[in-house]
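Beneath this line is the structure, given in structure tokens, with notes to follow.
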Amino acid sequence: MNNVDVVIVEPKTGFLDYASKRLPLGVMSVAGMIRSKGFKVKIIDQRIDPHGWKKELEYCVNQNPLFVGISSMTGTQINHALKAASVVRNVDNKIPIVWGGVHPSLTALQTIEHPLVDVIVMGEGERSATQLAEAYKNNISLETIPSICYKKDDGIVKVTDSAPQIKLDDIPEIPYD
């Protein structure tokens, strides 16, 4: 039995990490929705543990999660996100790497071309990330999941239809544990 079904990485943002630590509320909200469907989710925050995150990520990937999610804004955070994606790929190249956040959402067709990107969740990630976990668990085609961009087995890029905006009342409480 896996100790973790989904891993989500909040990469360092760059040179300002020393000045301010904030809760990764976006990642926590996505994790809360996934957890509400019975999945075990682990958040790895590079900003909190700038030296130990790599070992923690390697440990989690060795547990064969359904996917590893990585959030990223435009800018220096992408470099730290790519380091995390590289760790995943080096430990197990079969684990899907799912990107979300502002940068991949706005530049999905460009971002999906990178070899360390398998799927992009575009826009609000709570619903789509949860459906990805269910699809990977049950071996269901990703074509049914709204608001994603992904590479099919033959390398063709597929963009699914947009999801309706999620209602705030439909989002479970943010897990602070």
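The values are calculated or read from the model by the stated rules, or taken from the named source; none is laboratory data. These figures come from a predicted structure and were not determined experimentally. Virtual Cβ from ideal backbone geometry, glycine too; neighbours counted across all protein chains shown.
Name every residue in segment 140-160 that is among the hydrophobic types (A, V, I, L, M, F, W, C) and either in a helix (DSSP H, G or I) or under 18 Å from the mean Cα position of the chain (by Cα) (or both), in order of residue number. First the steps, then the outcome.
Keep residues of segment 140-160 that are among the hydrophobic types (A, V, I, L, M, F, W, C), which gives 140, 142, 145, 148-149, 156-157, 159.
Once the filter is applied, which keeps residues that are among the hydrophobic types (A, V, I, L, M, F, W, C) and either in a helix (DSSP H, G or I) or under 18 Å from the mean Cα position of the chain (by Cα) (or both), segment 140-160 yields Leu142, Ile145, Ile148, Cys149, Val159.
If you scan segment 131-169, which residues turn out to be farther than 18 Å from Ile95 by Cβ and touching a residue at least 40 places away in the same chain (Cβ under 8 Å)?
Cys149, Val157, Val159, Ser162, Ala163, Gln165, Ile166
Restricting to segment 66-100, name every residue that is closer than 25 Å to Asn139 by Cα, assigned to a loop (DSSP other than H, G, I, E, B) and in contact with a helix residue (DSSP H, G or I) (Cβ under 9 Å, 6 or more places away or on another chain).
Correct list: Leu66, Asp92, Ile95, Pro96.
Pull up segment 1-26, narrow it to residues that are part of a loop (DSSP other than H, G, I, E, B) and β-branched (Val, Ile, Thr), then point me to the one that is modelled with the highest pLDDT. Spell out how you get there, then give the answer.
Kept after step one, since they are part of a loop (DSSP other than H, G, I, E, B), are these residues of segment 1-26: 1-5, 11-24.
Among the residues that remain, those that are also β-branched (Val, Ile, Thr) are: 4, 13.
Working: Val4: 94, Thr13: 83.
Here the residue is Val4.
Inside segment 112-139, can you point out the residues that are in contact with a Phe, Trp or Tyr (Cβ under 9 Å, 6 or more places away or on another chain), among the charged types (D, E, K, R) and either part of a loop (DSSP other than H, G, I, E, B) or surrounded by 23 or more Cβ atoms within 10 Å (Cβ to Cβ) (or both)?
First, pick out the residues of segment 112-139 that are in contact with a Phe, Trp or Tyr (Cβ under 9 Å, 6 or more places away or on another chain): 112, 114, 116-121, 129-130, 132-134, 136-137.
Add one more test, that the residue is among the charged types (D, E, K, R), and what stays is 118, 134, 137.
The one that is in contact with a Phe, Trp or Tyr (Cβ under 9 Å, 6 or more places away or on another chain), among the charged types (D, E, K, R) and either part of a loop (DSSP other than H, G, I, E, B) or surrounded by 23 or more Cβ atoms within 10 Å (Cβ to Cβ) (or both): Asp118.
Filter segment 41-82 for residues that are modelled with pLDDT of 90 or more and of a type in the set (Lys, Arg) and give the result.
Hits for segment 41-82 are Lys42, Lys54, Lys55.
Condition first: of a type outside the set (Val, Ile, Thr), touching an Asp or Glu at 6+ places or on another chain (Cβ under 8 Å) and exposed (fewer than 15 other Cβ atoms within 10 Å of the Cβ). Can you find one or more residues in segment 38-48 that meet it?
no
Return the pairs, sorted by first residue and then second, in which the second residue is of a type in the set (Phe, Trp, Tyr) and part of a strand (DSSP E or B), the first residue lies in segment 59-84 and is closer than 18 Å to Val30 by Cα, the beta carbons are less than 6 Å apart, and the residues are 6+ apart or on different chains.
Ile70/Trp99
This table checks each residue for (1) at pLDDT below 90; (2) within 14 Å of the chain's Cα centre (by Cα); (3) closer than 16 Å to Glu10 by Cα.
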residue: Ala84; (1), (2), (3): no, yes, yes
residue: Gly101; (1), (2), (3): no, yes, yes
residue: Ser162; (1), (2), (3): yes, no, no
residue: Gln165; (1), (2), (3): yes, no, no
residue: Asp170; (1), (2), (3): yes, no, no
residue: Asp177; (1), (2), (3): yes, no, yes
